[in-house]
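Visitor: Sharing a structure here in structure tokens format.
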Amino acid sequence: MATRQSPDFEAWETLMLQAARQGGAGVLGSLLTHWQAQAPRESVLCQCGQRMSSRGRRGKGLLTTLGPIPFARSGYECKQCHRRRFPDDERLDIVNTTYSPGVRRLMARAGSQTQFEQAAQDLLCYAGLRVEAREIERVAEEVGRQVEQWLGAEQDQILQAGVSASPKLERGAKFYVSFDGTGVPIRRSELVGRQGKQADGSARTRETKLGCVFTQVGLDKEGYPQRDPDSTTYVGAIESSTLFGWRIYAEALRRGLEQAQTVIVLTDGQRYNHTIAQTHFSDAVHIVDLFHAYEHLTVVAQLRWGQEAKAPKAWRVLLEAGDISRLVRKAGRQLPASAKGRKAMLKQLHYFENNAWQMRYAEFREKKFFVGSGVVEAGCRTVIGARLKQSGMRWSVRGANAIIALRCCILSGRFEDFWAHLPARPPFYLVNPPPCGRAMFAQAFKRMHEKAKRCGRRTGQSPALPPPAGKALWRGC
Ligand SMILES: [Zn+2]
């Protein structure tokens, strides 16, 4: 029986995709040319107020998600101060860049996910885009800084004028605010003079503070509190605890802090945690992570009985019960003989004394609260660690903060939101301000489409097929 030969389906796919991209790039190029031809003539002003004079058209290569397209636009120069402007670049959001907004969005996303070299390979594989790793680094950090600006403006707005659209919280939802710190490796030149944990007292890292806000409504089958899926949003930066306090407070307000009936602050009990909790969340229940408390208890046992020791059962029972004063008295009877050991142990016991009110674990469990800061610790690993703490990495503070902002934005599910609100350039410099690029583009496309439809009606042919790459659109019409 004769069998049909199997096709190389994947080769067909690849070929068709290439053809579609090339055709699409041709259409896009023609659309741009058409849009430019249709644009009304206008006088262009310089920042200094002078009218700028045309210096003719300049071409530049433009990489779009469909591939490279040729692009030329009019340049203007100020006779007074010699500033230059390309108004079309400004309208299309491609000032000082050869990457289209679509490509920049992909570069930012890819660069935020993996190392820049890997991101370059991913873009080539998934989107057929050939871009260099250091270009991805540059673009991703630039977008990260834009994210930070956008978030900063939103934070100011919230802190000064309140939340514009108050989010809906489910009835009885428990509202959690949790934060923690994690070290990010920083370039040596930016660490000069900073004290750190290295053997010689120098620093290798800077502390990144990460905060998250999430809600809890129900309990799981075993009766343990359960986090609402997809309710976690993140904020973070390498910054002082004061600035970070405002940052996490603004995020909590945005998420509905003022509507929440029960607010819980979960931390690991460092001193600045108390300051932030008292300053911004004074009505909240502050809980110190139970697992950190266990770690400190183990250290106490090790100071007394050596490296292999574990905390005695009686201590653990007292900790679980939240009876910290008895725990401290009991453990305090076991002070080591050496002065050094005694000092170290007293330091550990102070940790319990200072956090006793935040360690009422029996009461918290009774109320079905989370008693562990697992969410923010997992956040430190996924948001920060997975991207910024891989071996061999050294960041500049500026670069790290840009990528942290970008990752927090993406992992909080807000990146599309950010991209949609990218601030448009103010058209104050044009004498006749035109409508924004997108609207003009839509108009130009509509006009072309209508023209093609009329043409199709006359000749009885379908106008739907785009012309091959590089040719002008509907030239015969
Ligand atoms: Zn000027």
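The values are calculated or read from the model by the stated rules, or taken from the named source; none is laboratory data. As the structure is a prediction and not an experimental result, all values here were calculated from the model. We place every Cβ from the backbone using ideal geometry, glycine too, and count neighbours over all the protein chains shown.
Visitor: When you scan segment 372-423, how many residues do you find that are in contact with a strand residue (DSSP E or B) (Cβ under 6 Å, 6 or more places away or on another chain), assigned to a loop (DSSP other than H, G, I, E, B) and of a type in the set (A, V, I, L, M)?
Guide: Of the residues in segment 372-423, 1 are in contact with a strand residue (DSSP E or B) (Cβ under 6 Å, 6 or more places away or on another chain), assigned to a loop (DSSP other than H, G, I, E, B) and of a type in the set (A, V, I, L, M).
Visitor: Pick from segment 34-49 the residues that are exposed (fewer than 13 other Cβ atoms within 10 Å of the Cβ) and near the ligand (Cβ under 9 Å from one of its atoms): which of them is nearest to the chain's Cα centre (by Cα)?
Guide: Among them, the one singled out is Q47.
Visitor: Between a residue in segment 78-99 that is over 16 Å from T64 (Cα atoms) and any residue that is within 16 Å of the ligand (Cβ to nearest atom) and of a type in the set (K, R), which pairs come within a Cβ distance under 9 Å, given they are 6 or more apart or on different chains?
Guide: Going by the 9 Å Cβ cut-off, the qualifying pairs are C78/R51; C78/R84; C78/R85; K79/R51; R84/R55.
Visitor: Taking the options Y272, Y224, Y294, Y234, name whichever one is surrounded by 22 or more Cβ atoms within 10 Å (Cβ to Cβ) and of a type in the set (S, T, Y). Lay out the reasoning, then the answer.
Guide: Values: Y272 fails: surrounded by 22 or more Cβ atoms within 10 Å (Cβ to Cβ); Y224 fails: surrounded by 22 or more Cβ atoms within 10 Å (Cβ to Cβ); Y294 fails: surrounded by 22 or more Cβ atoms within 10 Å (Cβ to Cβ).
It is Y234.
Visitor: Hey, another quick one. What are the pairs with Cβ atoms under 6 angstrom where one residue, in segment 223-234, is in a loop (DSSP other than H, G, I, E, B) and the other, located anywhere, is of a type in the set (V, I, T) and surrounded by 15 or more Cβ atoms within 10 Å (Cβ to Cβ)? Sequence gap at least six, or different chains.
Guide: Every condition considered, the pairs that remain are D228/T215; D228/V217; S231/T215.
Per-residue answers, yes or no, for (1) of a type in the set (K, R); (2) over 30 Å from G49 (Cα atoms); (3) modelled with pLDDT of 90 or more; (4) loosely packed, with under 12 Cβ neighbours inside 10 Å:
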residue: V376; (1), (2), (3), (4): no, yes, no, no
residue: V383; (1), (2), (3), (4): no, yes, no, no
residue: A386; (1), (2), (3), (4): no, yes, no, no
residue: V397; (1), (2), (3), (4): no, yes, yes, no
residue: L406; (1), (2), (3), (4): no, yes, yes, no
residue: R414; (1), (2), (3), (4): yes, yes, yes, no
residue: F428; (1), (2), (3), (4): no, no, no, yes
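Visitor: Now for a separate question. Please pick out the residue among K340, K368 that is under 36 Å from the mean Cα position of the chain (by Cα) and either among the aromatic types (F, W, Y) or at pLDDT below 90 (or both).
Guide: Values: K340 fails: under 36 Å from the mean Cα position of the chain (by Cα).
Result of the check over K340, K368: K368.
Visitor: Return yes when L266 is surrounded by 20 or more Cβ atoms within 10 Å (Cβ to Cβ) and either in a loop (DSSP other than H, G, I, E, B) or of a type in the set (V, I, T) (or both) and no when it is not.
Guide: Numbers: surrounded by 20 or more Cβ atoms within 10 Å (Cβ to Cβ): yes; either in a loop (DSSP other than H, G, I, E, B) or of a type in the set (V, I, T) (or both): no.
For L266, the condition - surrounded by 20 or more Cβ atoms within 10 Å (Cβ to Cβ) and either in a loop (DSSP other than H, G, I, E, B) or of a type in the set (V, I, T) (or both) - is not met.
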